[in-house]
Amino acid sequence: SKKSDDSQEGTYILKMNNVYPIIDDILDDNDIDRITLDEKEIEKYKVNKNDILINRTNSLELVGKTGVFKKECDAVYASYLMKATCKEDFSPEYLSFFMNLSSTKNILRGMAEQSNGQYNINFEKVKKLVVKYPKNKDILKKCIEEFEKYCSSMKSVGYLSDILDKEIESMFNNYMVE
């Protein structure tokens with residue numbers, strides 16, 4: 001469990017603040033830290049397209065935060081995240097959608113145990129979670145479409161928030177000119 005580097009060298013490392021329901025171009029490369037690892041460590045923590053990342057350790061509110069990795073880059077995940085890979089017949093987008101439902105998060109929070117001020121969930125417990133998966137492909141498709149609309153809205157809100165932050169900063173700087 002090495003610390004990430006401040007340099008622009010090394011492999012991208014995904015941390016809790018990089019986990020969104022769909023991890024794609026919502027993440028600017030400048031917002032992802034880098035870490036220098038040997039090949040063995042890279043192989044152990046490598047994230048592949050469509051892998052699911054689950055926040056294993058954090059506050060009770062953030063334990064269980066889940067995202068599906070869609071970004072086109074080589075990356076590893078921090079040790080306080082868990083990685084899951086869907087079987088070929090299952091949709092990683094749907095799993096991320098299901099894991100981010102309030103009802104599912106409440107179940108995950110119920111699995112969490114507190115230690116040293118942090119909450120932790122055990123991967124063995126998470127694997128026992130019953131996933132309500134639609135048998136009808138049309139219903140599955142509709143669920144995924146709605147989830148993607150939701151994620152798109154989140155991106156828009158995040159983008160607008162970033163613009164507003166920049167405008168406020170600019171306005172503040174203009175008033176602070178001596």
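The values are calculated or read from the model by the stated rules, or taken from the named source; none is laboratory data. Quick caveat: nothing in here was measured; it's all calculated off a predicted structure. FYI the Cβ positions are ideal-geometry reconstructions off the backbone, even for glycines, and counts take in every protein chain you see. When the accessible area is computed, the model is the full protein with side chains, heavy atoms only, and any ligands, DNA or RNA have been set aside. Shrake-Rupley method; radii C 1.70, N 1.55, O 1.52, S 1.80 Å.
In nm, to one decimal, how far is the LEU101 label point from the SER170 one, both placed 7 Å along Cα→Cβ?
Reported label-point gap for LEU101 and SER170 is 4.3 nm.
Assuming R0 = 35 Å, what is the FRET efficiency of GLU39 and LEU62, from their Cβ-Cβ distance, to the nearest 0.05?
With R0 = 35 Å, the Cβ-Cβ based efficiency is 0.65.
What's the extension gain from PHE123 to ARG109 if we count 0.36 nm per residue and subtract their Cα-Cα distance?
3.7 nm is the gain from fully extending PHE123 to ARG109.
Is it possible to state the helix-based mean residue ellipticity at 222 nm for the chain, with each DSSP H run of 4+ residues giving -39500 (n - 2.57), the sum divided by total residues, to the nearest 500 deg cm²/dmol? What is it?
Dividing the helical sum by the residues of the chain leaves -12500 deg cm²/dmol.
Given axes a ≥ b ≥ c from the Cα gyration tensor, I'd like to know whether segment 59-104 is rounded (a/c under 1.5), prolate (a/b larger than b/c) or oblate.
oblate
Students often get this wrong, so try it: which of [x] 49, 41, 37; [y] 69, 30, 22; [z] 64, 40, 34 is Cα extents along the principal axes in Å as calculated from the structure shown?
[z]
Quick one: ranking ILE22, ILE168 by accessible area, 1.4 Å probe, largest first, what do you get?
ILE168, ILE22
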